[in-house]
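Chemist: After the structure tokens below, expect a handful of questions from me.
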Amino acid sequence: MSSFADALYQGWEKDFMLVQWDQRGAGRTYGKSGPSIDSTITIERMKQDGTEVAEYLTKHLQQKKVILEGGSWDSILVIYMAQARPDLFYAYVGVAQMVNWQEAISASYRARVGYSPCGG
């Protein structure tokens, strides 16, 4: 999302310190480490990574808590983070909230190929 940050978060900088995190296996981190980290890409490990980032931010920015924002896959991950450490987060802002992963994949496939399992 880094390349879209200016358009998405324009004006937020007046009131918030925005931090974008390249998750394990995403963005530039995968380019640097490649497939050697594939076995570490689990929800549990990524939840720990995100929590460690948030802990660092609270100390570095001298804040008690941070606000989480997540969309699509991130909407799942940040819920796990907030459940694990509610003391660390003020709020969660959901964008493009993932509700039913399997249905989202199926709908995407149907839209791309014009396929309907019901023949419709």
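Chemist: Once you place label points 7 Å from the Cα toward the Cβ at E13 and T58, how far apart are they in nm?
Modeler: Using points 7 Å along Cα→Cβ, the separation is 2.7 nm.
Chemist: Here's another thing I want to ask about it. Which of these values of volume of the Cα convex hull per residue in Å³ was calculated from the structure shown: (i) 108; (ii) 90; (iii) 155?
Modeler: (iii)
Chemist: Ranked from highest to lowest mean number of other Cβ atoms within 10 Å per residue, what is the order of the peptides 44-52, 70-78, 93-101?
Modeler: 70-78, 44-52, 93-101
Chemist: So what's the back-of-envelope 222 nm ellipticity for the chain, counting only DSSP H runs of four-plus at -39500 (n - 2.57) apiece and dividing by all residues, rounded to 500?
Modeler: Theoretical 222 nm ellipticity from helices: -14000 deg cm²/dmol.
Chemist: Taking amide hydrogens as modeled 1.01 Å from N in the peptide plane, which residues meet the under 5 Å criterion relative to M98, leaving out close sequence neighbours?
Modeler: So M98 has HN proximity to S72, S75, I76.
Chemist: Please work out, to two decimal places, the log10 of the ratio I(q)/I(0) at q = 0.17, 0.18, 0.28 Å⁻¹ from a Debye calculation in which every Cα of the stretch 1-52 carries one identical scatterer.
Modeler: -0.66, -0.71, -1.06
Just so you know, all these numbers are worked out from the coordinates, no wet-lab data involved. Since this is a predicted model, take the numbers as computed values, not measurements. Every residue, glycine as well, gets a Cβ built from its backbone with ideal geometry; the counts of neighbours run over all protein chains shown.
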